[in-house]
Number of protein chains: 2
Amino acid sequence: MVQVNDNYQKLPGSYLFSTIAKKVAAFAEANPDKEVIRLGIGDVTQPLVPAVVAAMHRAVDEMADAATFHGYAPDLGYEFLRSVIAKQDYQDRGCDIQKDEIFVSDGAKSDSGNIQEIFSNDLKIAVTDPVYPVYVDSNVMAGRCGEYSAKEQTWSNVIYMPCTRENGFVPELPKETPGIIYLCFPNNPTGTTITKAQLQEWVDYANRTGAVIIYDAAYEAYITEPDVAHSIYECAGADTCAIEIRSFSKNAGFTGVRLGFTVVPKALVRGGVSLHAMWARRHGTKYNGAPYIIQRAGEAVYSKEGRAQLKEQVAFYMKNAAVIKEGLSAAGYEVYGGVNAPYIWLKTPGNMSSWEFFDDLLARANVVGTPGSGFGPSGEGYFRLTAFGSYENTKAALARIQAL
Amino acid sequence: MVQVNDNYQKLPGSYLFSTIAKKVAAFAEANPDKEVIRLGIGDVTQPLVPAVVAAMHRAVDEMADAATFHGYAPDLGYEFLRSVIAKQDYQDRGCDIQKDEIFVSDGAKSDSGNIQEIFSNDLKIAVTDPVYPVYVDSNVMAGRCGEYSAKEQTWSNVIYMPCTRENGFVPELPKETPGIIYLCFPNNPTGTTITKAQLQEWVDYANRTGAVIIYDAAYEAYITEPDVAHSIYECAGADTCAIEIRSFSKNAGFTGVRLGFTVVPKALVRGGVSLHAMWARRHGTKYNGAPYIIQRAGEAVYSKEGRAQLKEQVAFYMKNAAVIKEGLSAAGYEVYGGVNAPYIWLKTPGNMSSWEFFDDLLARANVVGTPGSGFGPSGEGYFRLTAFGSYENTKAALARIQAL
């Protein structure tokens, strides 16, 4: 009799966002007259910008003609997209990253989940706490995380690096050396970030210890402060210790379009083996490239028109972030994030738990957010609101919260 | 110091199609006056049909308007697509498959490579030989295949089931019981298939032994004979032993569009665990759904217009298959496949090896095919030609081969 991968059974049953969805559905059914405003899930609401739409229509037309039809894409991405990424996201910022170090994919979630495959199963991962659940869950599935304690909400073989108001949401270097370190700045869920100088300390630490940093920079388009790095490769020596994962979801509204990329520098070698060659092999074996039409959409993100249009779109969401941040502060809440990220992280008032605050906010203001405890034990007592709603809904939600 | 996944280093270095590409490039450079015709890689050449193109344009326009914009897709696929798949591909053929047993993905290659993750690392896989390389390579990466013998071109911990002219390309039930059995019918690379009655024997064997069949039905649209199953679920009891993987690449020309799906019946349980629930968890954790625009393109494949247009497209390729099959037979070659599949599998003449024939055909006819040995040891002495070229090129290639 065939056996299954037992590691899957170790995962706690209920997924954060499905629990939220159930609670909201129950509330809506019991209160059909109440208009619920959702500032919970990090999904965008603004339409694709005209430059992207035009590029997609053109690409669809190309696919309709045998002379311009495109079959299998190169596994690693079309050169037209890899070139413009290398230039604008890296070389123009002074980072020495070449187009053949960029691997185009169907999104940062896939890459975040799959990247652990190229590492040994024996190593230990380190994550900031709270954290995007995919990093830990994908390692649980691979069998690296040990056992789960429902009481502590932690895995026995994971190094947690708390990020709380006590340390200004800046993780400390771990005492025990991990094999892989997951970092995400600007951070989901806290909306906070660290300075380029602080990030340099992580790069130096990884080079000193041999650890590899998986750097999730999905929110870099939202950075407004000058001393925050848009890429880890702005730090000296990052090419020998870091893999960077990027997304088109939040900077270009591609959550339903699906495009991302991962940078694996050729200088990144462990045990004499090139991680670039391994990731290329993984792509070649288990992936067949992102769709031509969508890679053309990605290229349009880097066009002059696309950049101008998307700058406005990011500004639109950041205006929402300011509405939330200022509105909550005026109402007496302790608020973090929202300056370099579309997420606002608030301390629940009166020592309420994250879920107590969720229930209270839903019941009294009819506003949906995300309980911080869903992102890890150090998220307990915090709550996430996102800036991805419409301006009107965001204003209305804050007016309700202020009226409580 | 972090260690890498050592299993990757076990994979033989050179990938079949990159070796072919290098040989062809070298030939073209040395013979700039010769026009090379490529009947090697299984990539389509006909453009997307009008019904699909129209659906994509409509979907792009929806994404351009906030009122009809689509963000994150459901992880498992939109209901509009899952419903029509369940009805037309399964229920209309008498298979009791429901829409919530269908998982939409970005293609059969990803699913073929990823499906092994939900199984224990301790089990042994069985594959037909020759075979699509992804099944074995993805299991090598997971550490299930033991060691590679370059001499035998086999892995020590894999059960090979030869499919040659001696057994009519019908694999025999393995003597040792495997955990997973990979079957692909109509077959890539041989272009041959088995009858529904023969497939029923595999289903009965799997149910008897507890093995799970991964059934790759990527070429079902090319079936012309009535006693060949389009789905393994046409066989009684398949819902308790089989996972079926399907593609839009060959029936709708989506190689560069990227769409596929996998069926995991709810009745498929091993060790008390639902494989359906495990695959859903894998999708939810490491995947973010296929693009909205492309799922709408997939829906159009099932529309009345789409079906009619694609029937013509498949007929176009099968006309090429007939040209190849009849042309080779007339020239005295021993030929298989091409009746229920777009692949023709020929026995190399005069006991030439697969690569010797490759070199000879390239040098003398300037035609590129795929050496059978690249698909496994039992492919030695065979050669694959595909029907995915243009009609003119296919005719020209056969005229050259006949003139040798």
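The values are calculated or read from the model by the stated rules, or taken from the named source; none is laboratory data. Given the structure is predicted, the values throughout are model-derived calculations rather than measurements. So basically every Cβ, Gly included, is an ideal-geometry build from the backbone, and we count neighbours across all protein chains shown. These accessible areas exclude ligands, DNA and RNA; they are computed on the full protein's heavy atoms, side chains included. Shrake-Rupley method; radii C 1.70, N 1.55, O 1.52, S 1.80 Å.
Condition first: basic (Lys, Arg) and either within 22 Å of the chain's Cα centre (by Cα) or open to solvent by less than 10 Å² (accessible area, probe 1.4 Å) (or both). Can you find one or more residues in the stretch B:167-180 that meet it?
No, there is no match, as no residue in the stretch B:167-180 is basic (Lys, Arg) and either within 22 Å of the chain's Cα centre (by Cα) or open to solvent by less than 10 Å² (accessible area, probe 1.4 Å) (or both).
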Leading residue by the ranking (farthest from the other protein chains (Cβ to nearest Cβ)) among those in the stretch A:32-53 that are buried (at least 18 other Cβ atoms within 10 Å of the Cβ) and assigned to a helix (DSSP H, G or I):
A:Ala51
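Given the structure, is A:Arg307 within 14 Å of chain B (Cβ to nearest Cβ) and either of a type in the set (D, E, K, R) or touching an Asp or Glu at 6+ places or on another chain (Cβ under 8 Å) (or both)?
no
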Residue check, B:Leu328 against (1) touching an Asp or Glu at 6+ places or on another chain (Cβ under 9 Å); (2) away from chain A (no Cβ under 14 Å); (3) more than 30 Å from B:Gly374 (Cα to Cα); (4) assigned to a helix (DSSP H, G or I), all met but one. Which one?
(3)
Filter result for B:Gly107 (surrounded by 22 or more Cβ atoms within 10 Å (Cβ to Cβ) and at positive phi):
yes
I'm checking my understanding of the structure. Among residues of the stretch B:12-31 that are free of Cβ contacts under 8 Å to residues at least 24 places away in the same chain and among the aliphatic types (A, V, I, L, M), which one is farthest from the other protein chains (Cβ to nearest Cβ)?
B:Ala30
Find all pairs meeting these conditions: Cβ atoms under 7 angstrom apart; at least six residues apart or on different chains; first residue within the stretch B:284-296 and more than 20 Å from A:Phe17 (Cα to Cα); second residue among the hydroxyl-bearing types (Ser, Thr, Tyr) and outside any helix (DSSP H, G or I).
B:Gln295/B:Tyr78
Kindly indicate the residue of the stretch A:346-375 that is of a type in the set (Gly, Ala, Ser) and part of a helix (DSSP H, G or I) and also most open to solvent (accessible area, probe 1.4 Å) among those meeting that condition.
A:Gly350
Out of the residues in the stretch B:246-270 that are among the polar types (S, T, N, Q) and away from every other protein chain (no Cβ under 12 Å), state the one that is most open to solvent (accessible area, probe 1.4 Å).
B:Asn251
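One line per residue, one yes/no per condition, for (1) surrounded by 20 or more Cβ atoms within 10 Å (Cβ to Cβ); (2) within 11 Å of chain B (Cβ to nearest Cβ):
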| site | (1), (2) |
| --- | --- |
| A:Glu62 | no, yes |
| A:Ser83 | no, no |
| A:Glu101 | yes, no |
| A:Gln116 | yes, yes |
Within the stretch B:101-124, can you find the residues that are under 26 Å from B:Arg384 (Cα atoms) and in a helix (DSSP H, G or I)?
B:Ala108, B:Lys109, B:Ser110, B:Asp111, B:Ser112, B:Gly113
Of all residues in the stretch A:125-145, which are under 24 Å from B:Ala142 (Cα atoms) and open to solvent by 20 Å² or more (accessible area, probe 1.4 Å)?
A:Pro133, A:Asp137, A:Ala142, A:Gly143
Filter pass, A:Asp122 being farther than 30 Å from A:Ile85 by Cα, at the interface with chain B (Cβ under 10 Å from one of its Cβ atoms), open to solvent by 10 Å² or more (accessible area, probe 1.4 Å) and of a type in the set (Asp, Glu)
yes
Which residue out of A:Val136, A:Val127, A:Val131 is within 26 Å of A:Tyr343 (Cα to Cα) and in a loop (DSSP other than H, G, I, E, B)?
A:Val131
